Amino acid sequence: MRTFQFGLKADHQFSFPYLVDETQEVAKTYDAVCTPDFFGYNKNLELQYRGRLRELKNLVPVREGESDLFKAMKQISETGKGPDQQTPSAGCSIKWKNN
């Protein structure tokens with residue numbers, strides 16, 4: 001059973017790997033609740049960040065500069081720990097398949 005695959009730029013013109021979770025097994029394993037839902041891990045694979053990409057109003061960034069996700073991942077890479085203050089993602093709820 002194939003749980004997920006990594007797509008490449010040629011598939012959808014993305015310049016980064018992305019997850020196709022056809023069975024929704026990965027989303028359920030990580031207790032994902034909406035899309036997008038960001039998870040940041042340290043080198044020991046310990047969850048250090050679960051939060052939003054950045055603050056938006058009407059899908060427009062509220063302020064310029066580094067995103068919450070970028071700052072969190074930078075901190076994790078430098079210290080191994082995520083920020084104390086984390087704002088949850090807000091997006092479309094996941095439409096669960098009936099299995």
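Sketch the reach of a paramagnetic label on Glu46 as a point 7 Å from Cα along Cα-to-Cβ, and name the residues of the stretch 76-99 whose backbone nitrogen lies under 19 Å away.
Hits in the stretch 76-99 for Glu46 at 19 Å: 76-86.
Mind sorting Ser89, Ser67 by how few other Cβ atoms lie within 10 Å of their own Cβ, fewest first?
Ascending number of Cβ neighbours within 10 Å: Ser67, Ser89.
Filter the trypsin sites (Lys or Arg not before Pro) in the stretch 17-99 to those in DSSP coil with at most 13 other Cβ atoms within 10 Å of their Cβ, and list the result.
Lys43, Arg63, Lys81, Lys95, Lys97
Taking H placed 1.01 Å from N in the peptide plane, check which residues at least 5 places from Gly40 or on another chain put their amide H under 5 Å from its amide H.
Sorted by chain and number, the residues that satisfy this are Gln48, Tyr49, Arg50.
Sort Cys92, Cys34 so the one with the fewest other Cβ atoms within 10 Å of its own Cβ comes first.
With the sparsest Cβ surroundings first, the list reads Cys92, Cys34.
Suppose every K and R has +1 on its Cβ and every D and E has -1 on its Cβ; what is the size of the dipole of the stretch 31-93 about the Cα centre, in Debye to the nearest 20?
100
At a threshold of 8 angstrom on Cα-Cα distance, excluding pairs fewer than six apart, so keeping six or more, what relative contact order does the stretch 16-99 reach in percent?
Relative contact order here is 34 percent.
Where a number appears in this text, it was derived from the coordinates with a stated rule and is not lab data. A quick note: this is a predicted structure, and the numbers were derived from the prediction, not measured. A quick note on method: Cβ atoms are made from the backbone with ideal geometry, for glycine too, and the neighbour counts reach across all protein chains shown.
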